[in-house]
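To start, the structure under review is shown below, and the notes come after it.
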Amino acid sequence: LILAQFCPPAPKRFFKPGYTYSSVGKKKTLDETQKDERILYCKDMLKRKAKPLEEIFFADETGISLSEAFKSKAWTGPRKKVKVEEPVRNVKLNCWGAISARGATSLHIYKENLKADKYTKIVEEHIEEMEELYPDGFTYTHDNLPVHIAAESDLEEDGLDMVLFPSYSPDLSPIENLWRSLKYRVAGDNPRTELQLRKSLEKHWEIITRPENLSPYFGNLADRYRECIQESGERLPY
């Protein structure tokens with residue numbers, strides 16, 4: 001169920017300085033079962049003084065194209081405009097990565113559409129990296145994308161200890177905000193070719209997934225899970 005409230009433009013007398021009339025966002029309304037799933041997940045992650053949070057990989061995918069990988073705003077003088085040259089040919093790259101409190105996998109970049117067999121192969125290529133960070137074992141989680149669900153049995157056969165992630169819960173995964181940071185940094189490079197885009201993605205992923213830079217993404221995760229429980233499973237801003 002998607003809910004969105006329509007409001008007609010406000011009369012001029014209601015306008016306030018700094019306010020703009022713009023489109024509203026849409027979000028999935030959670031039912032009671034989904035809220036309960038979120039609560040159970042958060043409680044499970046907080047067991048043993050939140051130790052599960054220290055030994056889990058959060059995996060996800062994102063896509064970025066040359067047409068969106070450039071600065072949309074820049075500092076400039078009065079009555080001057082900064083012009084950004086757009087790429088002649090648009091190219092989109094897809095990315096997969098997994099992050100943990102100890103570090104991350106390398107960034108896997110691909111162009112084709114993601115299917116279950118492709119996803120399985122991507123994860124398999126990076127299991128060794130995860131094992132290097134957690135030689136005594138780790139857990140792995142991803143969202144409920146159909147491709148992910150279809151690949152889970154194969155990943156379990158590969159020895160991955162899967163953690164069931166609650167539906168419609170991007171606010172409970174730290175990698176969601178990391179993708180935003182990655183895209184922001186790439187836009188600063190203003191790549192204009194596929195090779196430049198690829199190199200920019202790899203460069204900034206390596207930087208932002210260093211353990212000291214990942215710390216903020218995991219530092220408040222336990223508090224976020226406690227807040228979710230206190231809010232009876234409602235979605236949190238992120």
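The values are calculated or read from the model by the stated rules, or taken from the named source; none is laboratory data. All of these numbers come straight from a predicted model, not from anything done at the bench. Neighbour counts are summed over all protein chains in view; Cβ atoms, including those assigned to glycine, are modelled from backbone coordinates with ideal geometry. Heads up: the accessible areas ignore ligands, DNA and RNA and are worked out on the full protein's heavy atoms, side chains in. Shrake-Rupley method; radii C 1.70, N 1.55, O 1.52, S 1.80 Å.
Structural remarks
- Note on the stretch 107-184: Kirkwood radius taken over Cα pairs, Stokes-Einstein applied at 20 °C and 1.002 mPa s, translational D equal to 155 µm² s⁻¹.
- The stretch 94-168 - charge dipole about Cα centre, Lys and Arg +1 at Cβ, Asp and Glu -1, debye rounded to 20: 460
- Taking amide H as placed 1.01 Å from N in the peptide plane, I56 has its amide H under 5 Å from the amide H of A101, T139, each at least 5 places away in sequence or on another chain.
- Stretch gain in nm, segment I149-S65, where the contour uses 0.36 nm per residue and the Cα spacing is subtracted: 27.6 nm
- A simple charge model with +1 on the Cβ of Lys and Arg, -1 on the Cβ of Asp and Glu and nothing else charged puts the dipole of the stretch 108-238 at about 980 debye relative to its Cα centre.
- Using the Cβ-Cβ distance between R226 and E124 with R0 set to 41 Å, the FRET efficiency works out to roughly 0.75.
- Protection-proxy order for peptides 147-159, 114-126, each taking the mean of Cβ atoms within 10 Å per residue, highest first: 114-126, 147-159
- Accessible area expressed per residue, the stretch 91-209, with surrounding protein chains retained (probe 1.4 Å, Å²): 47
- Amide H contacts under 5 Å for Y168: N144, restricted to partners 5 or more places along the chain or on a different chain, H placed in the peptide plane at 1.01 Å from N.
- Note that the stretch 144-153 has calculated 3J(HN,Hα) couplings of 9, 4, x, 4, 5, 4, 5, 8, 4, 5 Hz, one per residue in order, obtained from phi through the Karplus relation 6.51 cos²θ - 1.76 cosθ + 1.60 (θ = phi - 60°); glycine and proline are x.
- Projected label distance in nm at K47 and V163, using a 7 Å step from Cα toward the beta-carbon: 1.1
- Chain lengthening between D31 and R102 when straightened (0.36 nm per residue, less Cα-Cα): 22.1 nm
- Accessible surface of the stretch 106-170, 1.4 Å probe: 47 percent of it comes from carbon and sulfur atoms.
- Only aspartates and glutamates eight or more places from K51 in sequence, or on another chain, were considered; those with a Cα closer than 14 Å are D136, D223.
- Here the label points at D136 and E156, each 7 Å from Cα along the C-beta direction, are separated by 2.6 nm in the simple model.
- Listed residue pairs exceeding 23 Å between alpha carbons, taken from K111/K203; K43/K183; K92/K115: K43/K183
- Cα gyration tensor shape of the stretch 107-149, rounded if a/c is under 1.5, else prolate or oblate by comparing a/b with b/c: oblate
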